[in-house]
Amino acid sequence: MILELDCGNSFIKWRVIHAAQGAVVAGGIVDSDQALVAAVMALPEAPKRCRLVSVRSEEETAGLSALLAQHFGLNVVVAQPAKEVCGVRNGYEDYQRLGLDRWLALLGGYHLAGGACLVMDFGTAAKADFVSADGEHLGGFICPGMPLMRSQLRTHTRRIRYDDASAERALSSLAPGRSTVEAVERGCVHMLQGFVRSQLEYAQGLWGDDFTVLLTGGDALLVQEAAPQARVVPDLVFVGLAMACPLD
């Protein structure tokens, strides 16, 4: 059993897979290291190995690794920046500056596509990366995602106040909003869909129609309408993590 972790700034996404079959047997999202320990303790069988990707500080990541070693005896393998993995070449001028979540997502995307691909990740930020047929990462784009756009409007506009339940109801349609919450939520989705369409246009300029589109991240389904040909892969980062951190 292998424990896989995607450690963001606010949450930890985790799952446990069978080492041989690769089948997912458990998983979830937690908001603290202690909550992760509790979730893993509740499993009927403790994992024997662990690999993780983290966008946290080195100290925070080391602290989590030590906690997992203390409670479960795990030797944690942490994904590191690289110039090349499995035939995919890092396109940043300073390869160590490319966010590890982006790097692993585009690794996984290229592996699944088997050729040129456009990988878009919709979380706190919206990210797009282009990988050519021969594995060259051509770079990408980053803009605010739904959480950031929503937070900025709530923070800087006094009259915009609504709860998460209202936000969820507002997204039942993308017609022009007839309340502030509808106008904000639907407007943000339209902005993200516009981002998607511009990325598709750029990819078509590079490769014509000979490329694969992959969507991942918590808000991927919100933009799927703008890329109906896309493949939605919720665990794309974990696909790349297995490539960057193989456990024999």
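The values are calculated or read from the model by the stated rules, or taken from the named source; none is laboratory data. Not measured: the values here are computed from a predicted model. Ideal geometry is used to build each Cβ from the backbone, glycine not excepted, and the neighbour counts take in all protein chains shown. Areas reflect the complete protein model, heavy atoms only, side chains present, ligands, DNA and RNA absent. Shrake-Rupley method; radii C 1.70, N 1.55, O 1.52, S 1.80 Å.
Summing +1 for each Lys or Arg and -1 for each Asp or Glu among the other residues whose beta-carbon sits under 13 angstrom from that of LYS83 gives -2. Ligands, DNA and RNA left out, the accessible area of the chain computed with a 1.4 Å probe is 51% carbon and sulfur. Here LYS48 is the anchor, and the aspartates and glutamates within straight C-alpha reach of less than 15 Å, apart from those fewer than 8 places off in the same chain, are GLU4, ASP248. Here is how the number arises for the chain: DSSP H runs of 4 or more residues each give -39500 (n - 2.57), the sum is divided by the residue count, and the result at 222 nm is -12000 deg cm²/dmol. Short-range pairs are left out: with C-alpha atoms under 8 Å and at least six residues apart, the relative contact order of region 165-248 is 21 percent. Using the Cα coordinates of region 169-226, the gyration tensor eigenvalues translate into equivalent-ellipsoid semi-axes of 27, 11, 7 Å, sorted from longest to shortest.
Give me D for region 122-230 in µm² s⁻¹, whole number, from Stokes-Einstein with Rh from the Kirkwood sum over alpha-carbon pairs, 25 °C and 0.890 mPa s. Result for D is 163 µm²/s.
Computed log10 I(q)/I(0) for region 1-137 at 0.12, 0.15, 0.19 Å⁻¹: -0.52, -0.80, -1.16, from the Debye equation with unit scatterers placed on every C-alpha and solvent omitted.
Extension gain, VAL55 to ALA38: 0.36 nm times the residue separation minus the Cα-Cα distance gives 3.9 nm. Each of VAL77, LEU153, ALA113 was scored by the projection of its Cα onto the charge dipole of region 63-169, and the greatest displacement toward the positive side belongs to LEU153; charges sit on the C-beta of Lys, Arg, Asp and Glu.
May I ask for the percentage of alpha-carbon pairs in region 54-193 that lie more than 20 Å from each other? The calculated P(r) of region 54-193 puts 61 percent of pairs beyond 20 Å. When both region 221-248 and region 15-29 are represented by their alpha-carbon centers, they are found 15 Å apart. The residues of the chain have, on average, 51 Å² of accessible surface per residue, using a 1.4 Å probe with all protein chains present. Applying the Karplus relation 6.51 cos²θ - 1.76 cosθ + 1.60 with θ = phi - 60° to region 197-210 yields 3J(HN,Hα) values of 4, 5, 5, 4, 5, 5, 4, 5, x, 7, 10, x, 9, 8 Hz, where x marks Gly and Pro.
An ellipsoid equivalent to the chain, defined through the eigenvalues of its Cα gyration tensor, has semi-axes of 31, 25, 16 Å when rounded to whole angstrom and sorted largest first. Counting pairs of alpha carbon atoms under 8 Å apart in space and at least six apart in sequence, what relative contact order in percent does the chain give? So the answer I get is 18 percent.
Dipole size of region 1-68 about its Cα centre, with +1 on Lys/Arg Cβ and -1 on Asp/Glu Cβ: approximately 280 debye, rounded to the nearest 20. Remark: relative contact order (region 1-100) = 24 percent; criterion is Cα-Cα distance under 8 angstrom and separation of 6 or more residues.
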